[in-house]
1. All but one of (1) open to solvent by less than 30 Å² (accessible area, probe 1.4 Å); (2) part of a loop (DSSP other than H, G, I, E, B) hold for residue B:211; which doesn't?
2. Scan the range B:215-242 residue by residue and report those that are part of a strand (DSSP E or B) and away from chain A (no Cβ under 14 Å).
3. Could you grab me the full set of residues in the range B:662-679 that are open to solvent by 10 Å² or more (accessible area, probe 1.4 Å) and either in a strand (DSSP E or B) or under 15 Å from residue B:605 (Cβ atoms) (or both)?
4. Tell me whether the range B:628-636 contains one or more residues that are closer than 25 Å to residue B:528 by Cα and within 14 Å of chain A (Cβ to nearest Cβ).
5. Quick one: count up the residues across the range B:395-436 that are of a type outside the set (A, V, I, L, M), open to solvent by 10 Å² or more (accessible area, probe 1.4 Å) and touching a strand residue (DSSP E or B) at 6+ places or on another chain (Cβ under 7 Å).
6. Output the residues belonging to the range B:139-190 that are more than 13 Å from every other protein chain (Cβ to nearest Cβ), in a loop (DSSP other than H, G, I, E, B) and open to solvent by 30 Å² or more (accessible area, probe 1.4 Å).
7. What number of residues within the range B:194-204 are out of contact with any Lys or Arg (no Cβ under 8 Å at 6 or more places or on another chain), touching a residue at least 40 places away in the same chain (Cβ under 8 Å) and either outside any strand (DSSP E or B) or within 9 Å of chain A (Cβ to nearest Cβ) (or both)?
8. Is it the case that the range A:326-335 has a residue that's part of a loop (DSSP other than H, G, I, E, B) and aliphatic (A, V, I, L, M)?
Number of protein chains: 2
Amino acid sequence: MISCSSDKENRTTEVISPNKKVKVQFLLSATKQPSYTVRFKNETVIDTSKMSFDLQNALSLKGNFEILKTTTNAFNETWKMVWGEDEEVVNQYNSLKIELQETSTLKRKINIIFKVYDDGIGFRYEFPKQENLSEVVITDENTEFNLTGNHKTWWIPGDWDIYEYLYTTSPFSKINAFKDYIPGSHLGQTYIPENAVNTPVTMKTDKGLYLSFHEADLTDYAEMTLAVDTVNYNMKSELVGNAKGKKVIRKTPFETPWRTIQIAEKPGDLIESKLIVNLNEPNTVDDMSFFKPTKYVGIWWDMHIGTGNWDYAGENHSANTKYAKELIDFASENNIHGMLVEGWNIGWEQWWDKKAKKVHFDFVTPYPDYNLKEVVAYGKSKNVELIMHHETSADITLYEKQLDTAFALMKDLKIHAVKTGYVGSVIPEGEYHHGQFMVNHFQKVLEKGIENGVAINAHEPIKATGKRRTYPVAISREGIRGQEYNAWSEDGGNPPEHLTIVPFTRMLAGPIDYTPGIFNTSLKPYKENNQINTTLAHQLALYVVIYSPVQMVPDLIKNYKNNPAFQFIKDIGVDWKKTKVLDAEIGEFITVARQEKSTENWFIGGITDENARVVKVKLNFLVPNKTYTAKIYKDKLDSHYLHNPEVYEILEQDVNSKTILELNMAAGGGFAISLIPKN
Amino acid sequence: MISCSSDKENRTTEVISPNKKVKVQFLLSATKQPSYTVRFKNETVIDTSKMSFDLQNALSLKGNFEILKTTTNAFNETWKMVWGEDEEVVNQYNSLKIELQETSTLKRKINIIFKVYDDGIGFRYEFPKQENLSEVVITDENTEFNLTGNHKTWWIPGDWDIYEYLYTTSPFSKINAFKDYIPGSHLGQTYIPENAVNTPVTMKTDKGLYLSFHEADLTDYAEMTLAVDTVNYNMKSELVGNAKGKKVIRKTPFETPWRTIQIAEKPGDLIESKLIVNLNEPNTVDDMSFFKPTKYVGIWWDMHIGTGNWDYAGENHSANTKYAKELIDFASENNIHGMLVEGWNIGWEQWWDKKAKKVHFDFVTPYPDYNLKEVVAYGKSKNVELIMHHETSADITLYEKQLDTAFALMKDLKIHAVKTGYVGSVIPEGEYHHGQFMVNHFQKVLEKGIENGVAINAHEPIKATGKRRTYPVAISREGIRGQEYNAWSEDGGNPPEHLTIVPFTRMLAGPIDYTPGIFNTSLKPYKENNQINTTLAHQLALYVVIYSPVQMVPDLIKNYKNNPAFQFIKDIGVDWKKTKVLDAEIGEFITVARQEKSTENWFIGGITDENARVVKVKLNFLVPNKTYTAKIYKDKLDSHYLHNPEVYEILEQDVNSKTILELNMAAGGGFAISLIPKN
């Protein structure tokens, strides 16, 4: 590690990545306002972009700054993921810290730290402890990202309450967050105050460079959306606030999340980048042995296709002991070690409508037809562990009161994972899902998880910002327009291109609980007017393409039984030594290979959008001179996501590191491959 | 006129436009299949594209052809529009007729005629009378349009039943007609059998050339959609069929509609192009004096915002004598000479649900609260003519039985226009809105109109193909996602960019009954969650931008009264001597100027998408050395379609042909200008 401070006369205000390609320059404007530029291979990627904060009852932190001190640092470590896409992560960067002070009366101080990696940059603000800045209420953070062109952009609206949108592909100039905005929709859980996008937002420049903007280590702060100026190609941080207009309330000293820009020459490099986790602090959980990555079954899909119900008052209550045991049997026979049961506890009647609700949720009392302890014990006997479920309806007041008893029950029953849910508008009223209040709530739940040995899979969550490095209990989350939209009728479900965009946007933030693997893609006879807009082979491929340490196997048991394609789901790993994106174009197709951590097996998944295409898959990542049995599950020539989605073929052949496979994908199709060493 | 035939040895198979820029080449492939190419300024615009027909119970007309004869022709005329965007139309083209015969046993004949204009091309097939081809059932027409790149495309799905979609802007490779497809939606009126687009479909090439594909003179034939091959950038005609798989049933001799390609170097040239009407036959209606272009009021908006009802059984039945007279009073005070009343006749209870319906529509019996004769007479006394209304619920069997009595009533009452409606699935079952059966129905209604002196404004119509030249009773039509979508909640209404795309797509087909001019853009207190996604000034501009010889003034009377902006609607013309697109970029903004036919007044309208912008308007089209009073209705600096849509300012100044106005448009905004000569 090389660390150096510079004297006043000879200050360093530039910092360059280890491979010399990425360069950040800090500057003070004419009004002495902090600003920065980013260059990649000597081309400007972010033009002069200003930084400032507006505060409540105080002058803005905006201009009249002088540099007190600058410090540079070169850092290089390799750390191990407890679970993840890769076993080892290289964390190498050069950093520059700028310490600033106002020259005007208040003499307030703020520091800015840049970390420059080969795969992008992060910067954060530090508010040191000081006399004239102790209680800070931030009403606006104004961090600019001044783009250098009308980039092709993949974006969702900067909704303060929900992320469940299809990505729009458009020139930056055509971003319109209000395009599909209907106040009051999404179960009352939507609020878009201005033309902003949420992060990660990903772009491709005319020169073929890929950029993605996000944040890392979102802790005790409000989420950042990015307000867009579609005429000047500029973005500005727009923090999520609350009804009182407050965005962040803190006491100095504190620091903001990292503002991040991933930069890549190939789209796959965005996915292989570890920038977001690297910008988080190391693991603080000594013993994570209670959680093992797993596949899991459950009753979730029943509820979406209408063969079951969450609430006991309705017919076909799904959470009953008998069905749970059937699922456990099925799981234990098929190399699946988790089982999730929603709707098991009282309070589901009118669960989405907090005003009409008569019985509130509690998180310890099962419905009469569900014997929780019996199910847990039966699961244990079959090596299948229950995943607990907590739907809160976003009534945080209620849930936080019950957190201790709810988590104590899990500790007592040795349940080591919980899926939480936050459907609907937040209580207390005036708070939004993505504001500081909720960020802190999600942190509280993570800490409760660590205390009780419970991993958290949050739905309607705050977006991932790499905190899984520091808190590996944060195993997965939703925050995406998931598979369930295909079972709903409103807008035709997720189009085939959806999951060719998601890996380059939402997935850059962290693991996704997407629930792939629906075999009955026609949804007949349950949802006559709906369907899954992919082929069956595409569904298989998602177990490789979409990363999560917990992967659901959601379809009805009868749709898997006797279907030869189910072998792939049985075989597929869930924890990885190495991940490689073999080929991709955002919104068109992607091919990913992952090596299982506990074996020498590789798995490959490829998916395409609504266009059929042929791809070549080079197996040059295999161990040389070793033979593997490749089992290829792929579309047939007449497969098509609309009129022939469920036909596929299975090919088996010996392959080695010199093999190049040529595979056709149907419209909305894909392929999945398992590669098992022969000896 | 120069017409020449060529002998066998020296046949002409090329034809070039009068200005020499557009060139069509006809060729026979290796299998002697007819094909063609199109070049513009020596660059290939349409690469070798094949032509063939599949027939029922007969061999395809596909290969083994020889050329019997070719004929070229140079044509030049100027004709007058009865009503329209321009008083005089130049119709100048060079044509090439290729007479083909099979060399195989059947020796069937087909002719292909190309007309090449400066603004694009049209070609049609002639099936001559012949022994081996008399009764023809076409199961597929395979006319290819082989594109030369992945053009930026503005498209709607090739739905066989409805055109009411937002335009998607995407690369050609990303066209996916199924993207938002929900079988059973649109009141059961939607059917998309394959990945196809409807026409006009418009494109921009990488080199900045604009192309639009459509058809002209759709008569006794099925509509053409275009199936897309998104990998090879190819389109192929896909005719609309019926449940029996038949697409067109004809006897020779007959000819197909013209397949058209408009080619333009500026987007505005697409709009100024008269290709579509020029490819239709001259006017066949001797005396069109019964119809005069007009603005009209009505009760239509009441029904969409919920202040009124169509059916008598519901509360607030809108079609009542008292309200009709109020509207007549308002119209006659404000230079408006038409009034439309929907829901006046019996049968509106459950009108969209033909199965549940107990009382069928008839087209002569008013509800008890509506005195038709009294309303007509009161209107006449105030110089306001009633526009009749026929909603058929697409029950063609029922409507055709009543056509004679229905039109006789109008003739009797001297009503000279009718708005027809075709909501829901077609009866007889198995027919689709855009198939040959319905094309012939619409033709029948036009003929009934001519017979009885009634002009037709069809909603849920067959698309316009320029037949208004031959039958000027075809005054306007819908076939677009209209203003009413803004009053409905499902998907947020029409985004601001909608009407910056429509002029370059739907409007190339013909006049649009869009119903602009909503002043209460917030829709408060009627529709709290909806709004019009434009500013008020944008609404005014639409009276110039969107062409129709009948323009509705749809908002509630109270929203116009005492609003100074209403003066523009009072002043605006509806019939034009000259139209000029001053500046435009598809999907971003457009500025149009039109000169009124009966005065020397000019009107200018400009609209923008969701981006604010400043445009310069050069008035160099005004008569030199003449002074005009310009009244400019425009957005204020703080106008915005979302949070401040109804504020505007009116500026008045003297201008002449040397004046250049610089005008700001707000996000979703616009401006409207009247230019009145000073003396």
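The values are calculated or read from the model by the stated rules, or taken from the named source; none is laboratory data. Fair warning: this is a prediction, and the values are worked out from it, not measured in the lab. Backbone-built Cβ (ideal geometry, glycine too); neighbour counts: all protein chains shown. Quick note on the areas: whole protein, heavy atoms, side chains included, nothing else; ligands and nucleic acids left out. Shrake-Rupley method; radii C 1.70, N 1.55, O 1.52, S 1.80 Å.
1. (2)
2. B:215, B:216, B:224, B:225, B:226, B:235, B:236, B:237, B:238, B:239
3. B:662, B:664, B:676, B:677 - these are the residues of the range B:662-679 that are open to solvent by 10 Å² or more (accessible area, probe 1.4 Å) and either in a strand (DSSP E or B) or under 15 Å from residue B:605 (Cβ atoms) (or both).
4. No, the range B:628-636 contains no residue that is closer than 25 Å to residue B:528 by Cα and within 14 Å of chain A (Cβ to nearest Cβ).
5. Qualifying residue count for the region: 5.
6. Within the range B:139-190, just B:148 meets the criteria.
7. Residues that pass the stated criteria total 1.
8. No, the conditions are met nowhere in the range A:326-335.
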